[in-house]
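The values are calculated or read from the model by the stated rules, or taken from the named source; none is laboratory data. Being a predicted model, the structure only gives us computed values, none of them experimental. Here the Cβ is made from the backbone with ideal geometry for all residues, glycine too, and neighbour counts use every protein chain on show. Each accessible area value is taken on the protein alone, full model and side chains, heavy atoms only, with ligands, DNA and RNA left out. Shrake-Rupley method; radii C 1.70, N 1.55, O 1.52, S 1.80 Å.
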Amino acid sequence: MAGGRAEKMAVVEELTGREAVIQRLRDVGLRVTGPRLEVLTVLAAGGHLDVEAITTTARERLGTLTSQAVYEMLRHFQETGLVSKFDRPGLPAVFEISGPAHQHALCTVCGRVENVAAAAPAAPDGALPEWRVDDAEVVFKGLCPDCRASAPAA
């Protein structure tokens with residue numbers, strides 16, 4: 001993670017309501033357009049969404065929107081710190097509104113992602129003597145409550 005990400009993430013503490021979304025776009029120097037506004041509004045509703053889910057939801061409100069356009073918007077949103085991307089091995093990446101630093105829990109059955117309010121660990125003393133470590137990421141892997149409930153008893 002780049003060193004400037006923490007500063008960019010601080011730009012977006014909370015996105016709620018259409019006016020807040022408009023202001024956030026302006027704050028990072030992006031022009032307010034209907035598609036940008038709709039994609040950020042979908043993300044601001046919460047959760048970790050993949051491009052298909054974002055596109056489908058925003059398209060229902062806009063009438064027309066391509067996945068390619070959503071990918072481009074997400075790229076701009078990431079560059080400005082509005083949105084963060086979480087890569088899920090073997091599954092499409094998911095996106096969320098950037099916010100305070102946190103870790104993730106990943107369900108190994110269905111791919112569900114949840115935020116975990118936990119600080120990332122520091123590198124052990126002497127483990128990376130030639131490195132300047134800017135950040136660390138922890139992913140808690142296991143079964144989400146839904147998959148756990150439907151799993152056979154061990």
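Things worth noting here:
- Residues in the chain average 61 Å² of solvent-accessible surface per residue, probe 1.4 Å, ligands and nucleic acids excluded.
- Charge context of Ala123, other residues only, Cβ under 15 angstrom, K/R +1, D/E -1: -4
- Of the residues Ala136, Cys107, Ala149, the one whose Cα sits farthest towards the positive end of the charge dipole of region 79-154 is Ala149 (charges of +1 on Lys and Arg Cβ, -1 on Asp and Glu Cβ, taken about the Cα centre).
- In this structure, Ala127 and Tyr71 have a Cβ-Cβ separation that, at R0 = 35 Å, corresponds to a calculated FRET efficiency of about 0.45.
- Mean Cα-pair separation over length for the chain, i.e. relative contact order, pairs under 8 Å, 6 or more apart, %: 23
- Dipole in debye (nearest 20) - the chain, about Cα centre, beta carbon charges: Lys, Arg +1; Asp, Glu -1: 380
- Carbon plus sulfur fraction of accessible area for the chain, probe 1.4 Å, in percent: 53
- Under the simplified labelling scheme, the Ala136-Asp27 pair shows an inter-label distance of 3.0 nm, with each label point 7 Å from Cα along Cα→Cβ.
- Accessible-area ranking of Asp135, Asp50, largest first, probe 1.4 Å: Asp135, Asp50
- Options (i) 70, 38, 19; (ii) 45, 36, 35; (iii) 49, 46, 25 - which one matches Cα extents along the principal axes in Å as calculated here: (iii)
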